[in-house]
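Structure first, commentary second.
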Amino acid sequence: MKPAPFTRHVPRTVDEVVSALAEFAPLDGRILAGGQSLVPIMAFRMARPAHLIDINEVEGLDRLAVDGDYLSIGARVRHGAFHKPVIDGPLGKLLAFVVSHIAHYPIRMRGTFCGSLAHADPASEWCLVAATLDASLVVKSVRGERIVPVTDFLEGIMSTSLAEDEFLAEARLPLLPDDTKFGFYEFSRRAGDFAMSAALVTYRLVDGVIADAHVGIGGAEDRARRILEAEDVLNGNAPSPDLFVAAGEAAANAIEPLEDIQTTAEYRCDLVRAVTRRALERSLL
Amino acid sequence: MTVHTKGSGTTWVGRSIRRLEDPALVTGRGRFTADMPATHWVRFVRSSVAAGTIENITAPERAGIVTAKDLAKLKPIRPMLSKFNYVAVGQPILADGVVRFTGESIAAVYAPSKDQAEDIADQVEVEISEGAPLIDAMDALAEGAPLVHADTKHNVIVEGRIATPGFEDVWKTAHKVLHVEARSHRQNATPMETRAGHAAYDGSTGRVTLTCTTQMPHLTRTAVCDILGIPESDLRVVAPDVGGGFGQKMSLAPEYVLLVWLARKLRSSVAWTEDRRENLIASFHSRDQHVQLEGAFDKSGKLLALRGDIVANIGAYSCFPTTCGVEPLMALAELPGPYDVRAYDCRSRGVMTNTCPMAPYRGVSRPVITFVLERLMDKAAAAFGIEPTELRRRNLIDKFPYTSATGLVFDDGSYKETMEMAIKAIDLDAFRKRQKIARDAGRYLGIGFATFSERTGYGSPAFAARGMEITPGFETVYLTIDPSGFVEARIGSSPHGQGLRTSLAQIIADEIGIDPEFIKVVHGDTDRSPYGWGTFASRSLVLSGGASLLAAQKIRAKLLKMASHFLEAAPEDITLQSGSAHVIGTDRSVTIASMARAAYHQTHIFKGEIEPGLTETGTYDPSGTFSNACHVAIVEVDIETGRVEMEKFLVVEDAGLIINPMIADGQVHGGVAQGIGNALLEEIIYDETGNILTSTLADFLPPTTHEIPEIELHHVETLTGNSITKAKGLGEGGAIGAPAAVISAINDALSPFGISIDEMPATPQRIRAALRSSGKLPSNGKLA
Ligand SMILES: Cc1cc2nc3c(=O)[nH]c(=O)nc-3n(C[C@H](O)[C@H](O)[C@H](O)COP(=O)(O)OP(=O)(O)OC[C@H]3O[C@@H](n4cnc5c(N)ncnc54)[C@H](O)[C@@H]3O)c2cc1C
């Protein structure tokens, strides 16, 4: 339960981060953000990075602000920052609702939004938020900066399109129109555990019918993603119990369920059906 | 200050005084094994495979490492039973050529710090040629199965059978026969504090002090000395504050033997703190059982006969001192529970597999057998079309003493009364109405009752029935009032969080008229306390309490004699209270403290009529007493996901006279919480290669406060002649009844689907799979 030996580097600027990465990533170096995923797996010695580039003292990375039509979340912004709505309107409320489902209070005070995305656990709530809301991710390295849509960022179980020498400097979440409705529901064995399936939905009601539906599912497949089949069921129809059941059914049929020793594909689909419908029901509360 | 002692009309016993042990614990001044500094730190290199032969062990150069070949002179751990076809098998301190479970220690490395030891252990390479592991007991029973121990004929290590005469004749008269095939999966007791040991060699005496987190310091001393072949006087075992044990710390950890051996070899201090992963994979496991149970009922729903077959997976070795017979044999003797049934035929086997060894865990087999028996009673109630409580009413024992079909003698209890109280307190009729309304709205609420007995406080006669080479029993207490007038009770049992220091002080206080705050209870140190068995089997309050009372009665008699000398009054006219002896109806008194001085420093004044000193010994070895309780769970089952929400839990408990209600309630609350975890969440899962998939607390899931509902608690106090303090044990009851009540409630909730959940834990996956198999779920997943 003690990590294998490693060297810690403490850059103060983004430039220092990228040059440290360029130097140490090839020598088995990694970013250390909140440490809430990395440190446990190092303690089990399932990860043995030789170098850690600790970004906790890098200036500017704690920035959390609206830039035009998106919310910018720097790499040092902790989960706990979202406990209270960070902005007026539905996005702030959505984030505050979702954050209470992530782990436990002490973990939320350390773990970072961007760290969750970089870690890419299929059940991560922030990955689900990013996928559902079509986030863009700002990735930096000594080679420069690129902006990656979330669909190109999340690649699979704990795998992203970040190159070895790149780091996730910022996540951008599009602001939601004021009349956006949202609903979130997750299923886990105990309070604070990783979700065995979770759904996040957003949509607007235009003349009583659903428009611009986003249905995201996490924890059920190798990565969180929008389920277009379920969105198609919703768009253009008035919310109703039957419609929500149908959307749940569509989501359950569309996924390629993860299986493990305790969770059969069938059961995972049961959960997706239930969480999707329940997230939709909550959107009306 | 108000006086509450014998003679004053008010007593210390029966009051929720604050625990004397808590000021230190809640201010961070508790003393735990892992806090101690040491010169060398040990890390165990553990097997990553379940079965195989060790080909080679390579360590980095200059590493401090111990392997089996260094320990050739040590005896294996080899507990014995003289009955029940027991096959003795030995467990080497470090795997000797063969590994038999994932997590078994193969080598021990030592270094100046914990971290260095872990780094070195990481570099030790072990080559093992893998064999085919046996994980499930049923596979180990199969004809031609490989043997876990090559020197045995089969994997059945212990087998018991009880059959009452004329069983078949009774069986034939049955009106209805009900059957349960149940499975209880493997669990880990998960104490907050994992195991830890610290062995320090004393150069001047050659003695070693082993400080470790154990429930049984004296047995640890005996076992370690037997294995090393050294006199017991060369070893002192200290159990400082212990952060929970639940049985996991009442079996000998081979690791502690290694620590003592190494401390002697290095002539230094060595320490080991188990990490959570080691605890989950390689400390002890429990509750891995298959139970088949059939009940024959007459027309009126009276249970006539019970037929059972129990298979307990006891893992790769037999635990010391109880042996692995503890689970199967307890199940065999206690399966009929609190029900009046005269015909009984049961076979119970303990089977070896390539899994972590089994050890007792709070309730031992009773959480399992209670769950299975209560499933049978619920099924019978359904078959007879009556309330489950009505069926129990027709079958619970109500005349005492009651001698069971297996020969157990039940003393006075309140089996029916506690159930009737529970029915009232929970308002069963109102619940049934609410349940119906909810069902009509597509919500599935259920209620479950568990009525059970808890055999507690039993001494050597009861344990002797098992034929153990080491037969636990008596407890001894040395009670001293020292010249300062303070009281010290040195006890053999070894509490680890139960508040025994406070409860015993209350018992002693009433007898000798000295307030509990002046009474220090000393335990957990073989140099300071009398030989005792430790704390397990809901025994400490009954046995150490009884022994304390006996010793206190002797001190009382002596104090009265001395007071009679000082006050020139007859002993019958004197009371002891609040630190003084008083002549009743006068203002004449003498302080106990001044008499204590005299007992040591002024002995001449007693002219040889009173022996010097103020120390008395009490030893108590009773036959045992049965506590009983009724547990009620109310749950809601989410049929779409299989999730179980606990709405409410209610307990009506009868543990005889309650010494400290707050402490008693705490024991029940904790037990119920653990039982709810057992019922719903906790499961050690092996894959088919024998690797453990639940080696962190993110996978093995103890309940958190979120998962535990409000627990309503009522006490009934049936005073028994079987315990001189009138107190019965209650340490295990919470955990015994809760799984049965929760699973019964789940089944009640799901009764419209005609399914039966006979597995523990009842996980959402299992519940949902059963619902699916019912064919009664509407196709869109949601009931109209
Ligand atoms: C008991 C427990 C329960 C938990 N439950 C949940 C839960 O329910 N839901 C949930 O979502 N999470 C949960 N977590 C994980 C937690 O949210 C983590 O904080 C999060 O997943 C990772 O964020 P971090 O800042 O701690 O990253 P770290 O642990 O520091 O890093 C994780 C990985 O991401 C990399 N990394 C981190 N930041 C960057 C970056 N900016 N650029 C590139 N790479 C980076 C690291 O190199 C590392 O590989 C739980 C954790 C624990 C211990």
Inset, instruction - Enter the accessible area per residue of chain B (Å², integer; probe 1.4 Å; all protein chains in place). - result: 35
Legend entry - Percent accessible area from carbon and sulfur atoms, region A:180-282, protein chains only, probe 1.4 Å: 48
Inset, instruction - Holding the Cα-Cα limit at 27 Å, pick out from A:181/B:648; B:520/B:728; B:379/B:433; B:75/B:265; B:520/B:561 the pairs that are longer than that. - result: A:181/B:648
Legend entry - Nearest-10 value in Å² for the accessible area of residue B:138, using the 1.4 Å probe: 80
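What FRET efficiency do you get for residue A:22 and residue B:226 if R0 is 56 Å and r is their Cβ-Cβ distance, rounded to the nearest 0.05?
Efficiency at R0 = 56 Å is approximately 0.35.
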Inset, instruction - Select from region A:1-48 all residues whose loss of accessible area on going from the chain by itself to the full protein assembly reaches 30 Å² or more (probe 1.4 Å). - result: A:1, A:2, A:44, A:45
Inset, instruction - For region B:562-574, take each phi angle, set θ = phi - 60°, evaluate the Karplus expression 6.51 cos²θ - 1.76 cosθ + 1.60, and give the result in whole Hz per residue in order, putting x for glycine and proline. - result: 5, 5, 4, 5, 5, 9, 6, 9, 6, x, 5, 8, 10
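For B:539, B:556, give me the order by solvent-accessible area with a 1.4 Å probe, most accessible first, ignoring ligands, DNA and RNA.
Heavy-atom accessible area, descending, gives B:556, B:539.
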Inset, instruction - Under 1.5 on a/c is rounded, so check that first for chain B, then, if it is not, pick prolate when a/b is larger than b/c and oblate when it is not; a ≥ b ≥ c are the square roots of the alpha carbon gyration tensor eigenvalues. - result: oblate
Inset, instruction - Extending each Cα 7 Å along its Cβ direction at residue B:528 and residue B:697, get the distance between those two points in nm, one decimal. - result: 2.9
Legend entry - Peptide A:261-271, shielding by other chains (average Cβ, 10 Å cutoff): 5
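Once you keep just the Cα pairs under 8 angstrom separated by 6 or more residues, what percentage relative contact order results for chain B?
Numbers: 1978 pairs, mean separation 126.1, N = 784.
The value is 16 percent.
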Inset, instruction - Note down the nm distance, to one decimal, between modelled labels 7 Å out along Cα→Cβ at residue B:776 and at residue A:134. - result: 4.7
Inset, instruction - Let me know the Kirkwood hydrodynamic radius for the protein assembly as shown, please, with Cα pairs as the basis and the value in Å to one decimal. - result: 31.9
Legend entry - Unit charges at the beta carbon, dipole of region B:420-474: most positive-side option, B:470, B:450, B:437: B:437
Legend entry - Separation between Cα centres of region A:47-110 and region B:411-487, rounded to whole Å: 49
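Taking 0.36 nm per residue of sequence separation and subtracting the Cα-Cα distance, how much length would be gained by fully extending the chain between residue B:647 and residue B:205, in nm to one decimal? Mind dumping the intermediate values first?
Details: separation 442, 0.36 × 442 = 159.12 nm, distance 5.96 nm.
Extra length from residue B:647 to residue B:205 when fully extended: 153.2 nm.
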Inset, instruction - Take every Cα pair under 8 Å in chain A that's 6+ residues apart, average their separations, divide by the length, and report that relative contact order as a whole percent. - result: 15
Inset, instruction - Ignore the peptide's own chain and count Cβ atoms of other chains within 10 Å of each Cβ in B:763-772; give me the average, rounded. - result: 4
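Given Cα pairs under 8 Å that are at least 6 residues apart, what percent is the relative contact order of region A:1-155?
Numbers: 246 pairs, mean separation 31.4, N = 155.
Reported as a whole number, the value is 20 percent.
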Legend entry - Distance (nanometres) between label positions extended 7 Å along Cα→Cβ at residue B:591 and residue B:22: 2.9
Legend entry - Per-peptide average of other Cβ atoms within 10 Å, ordering B:697-705, B:333-341 highest first: B:333-341, B:697-705
Legend entry - Between 0 and 90°, nearest 10: helix A:14-24 axis offset from chain A longest Cα axis: 70
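Provide the packing ranking of B:233-246, A:42-55, A:263-276, B:347-360, i.e. peptides ordered by the mean count of other C-beta atoms within 10 Å per residue, highest first.
On the way: B:233-246: 21.6, A:42-55: 17.9, A:263-276: 23.4, B:347-360: 27.3.
Averaged packing, sorted descending, gives the order B:347-360, A:263-276, B:233-246, A:42-55.
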Inset, instruction - For region B:293-312 and region B:134-194, compute the distance between their C-alpha centroids and round to whole Å. - result: 17
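Report the extension gain between residue B:129 and residue B:609 in nm, rounded to one decimal, defined as 0.36 nm multiplied by the number of residues separating them, less their alpha carbon distance. Walk me through the intermediate numbers first.
On the way: separation 480, 0.36 × 480 = 172.80 nm, distance 7.55 nm.
Result for the pair: 165.3 nm of gain on full extension.
What average number of partner chain Cβ atoms lie no more than 10 Å from the Cβ of the residues making up B:694-703? Display every interim value, and only then the final one.
On the way: counts 2, 1, 3, 0, 5, 3, 0, 3, 1, 3.
Partner-chain Cβ atoms within 10 Å, mean over residues of B:694-703: 2.
Return the FRET efficiency for the residue pair residue B:621, residue B:484: r is the Cβ-Cβ distance, R0 is 30 Å, and the value is rounded to the nearest 0.05. Please report the intermediate quantities before stating the final value.
Working: r = 32 Å, r/R0 = 1.07.
Approximately 0.40, to the nearest 0.05.
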Inset, instruction - Kindly provide the Kirkwood hydrodynamic radius of region A:64-174 in Å, to one decimal, from all pairs of distinct alpha carbon atoms. - result: 14.0
Inset, instruction - Taking the dipole about the Cα centre of chain B, with the C-beta of Lys and Arg at +1 and of Asp and Glu at -1, give me whichever of B:24, B:110, B:731 is farthest to the positive side. - result: B:731
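The values are calculated or read from the model by the stated rules, or taken from the named source; none is laboratory data. In this text, all values refer to a predicted model and were calculated from it rather than measured experimentally. When we count neighbours, we look across all protein chains shown, and the Cβ atoms used for this are built from the backbone with ideal geometry, even at glycine. What goes into the accessible areas is simple: the full protein's heavy atoms, side chains included, and nothing from ligands, DNA or RNA. Shrake-Rupley method; radii C 1.70, N 1.55, O 1.52, S 1.80 Å.
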